[in-house]
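Heads up, the thing below is written out as structure tokens.
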Amino acid sequence: MAWTKVLTADKLTPGAREVVKVGDRNILLLNHENQLYAVENNCPHLKVPLKSGKIQDGAIVCSFHRSAFNLNNGEVKTWCPFPPVFGSLLGKISAEKPLPVFPIKEEDGSILIDIA
């Protein structure tokens with residue numbers, strides 16, 4: 001693995017969310033219930049930021065169209081669950097695809113991720 005130091009650990013306290021730039025990617029770092037997560041900040045559906053998304057049942061939910069992604073592996077839990085006609089049209093704007101997730105760890109007072 002190619003670990004990259006992205007933040008000091010004191011900035012990612014429980015409940016904190018930080019977006020960091022690594023190469024050409026915007027990575028959302030989360031500390032949810034003392035568990036660290038690193039995910040692509042842009043929702044795979046319409047590329048809107050996930051930073052304001054609600055976390056529920058182990059998933060981050062896009063605040064714009066309510067698609068939900070498992071925080072551990074990025075799998076789609078729900079894809080654009082709007083009413084039937086509107087939802088099916090909005091859902092077809094982009095094919096269903098998982099959210100990129102990245103290994104993350106805390107070491108020597110720093111947060112490190114691997115985007116390789």
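Things worth noting here:
- Over 25 Å apart at the Cα level, from the set Lys5/Lys97; Lys54/Lys105; Lys11/Lys97, are Lys5/Lys97; Lys11/Lys97.
- Three-way shape label, the chain, alpha-carbon gyration tensor, a/c 1.5: prolate
- Positive-end residue of Leu46, Ile104, Asn34, charge dipole of the chain with Cβ unit charges: Leu46
Every read-out reported here was derived from the displayed coordinates using simple, explicitly stated rules and does not represent laboratory data. What you are looking at is a predicted structure, and each value in this text was computed from that prediction instead of being measured. Reconstructed Cβ throughout: ideal geometry from the backbone, glycine too, with neighbour counts over all protein chains shown.
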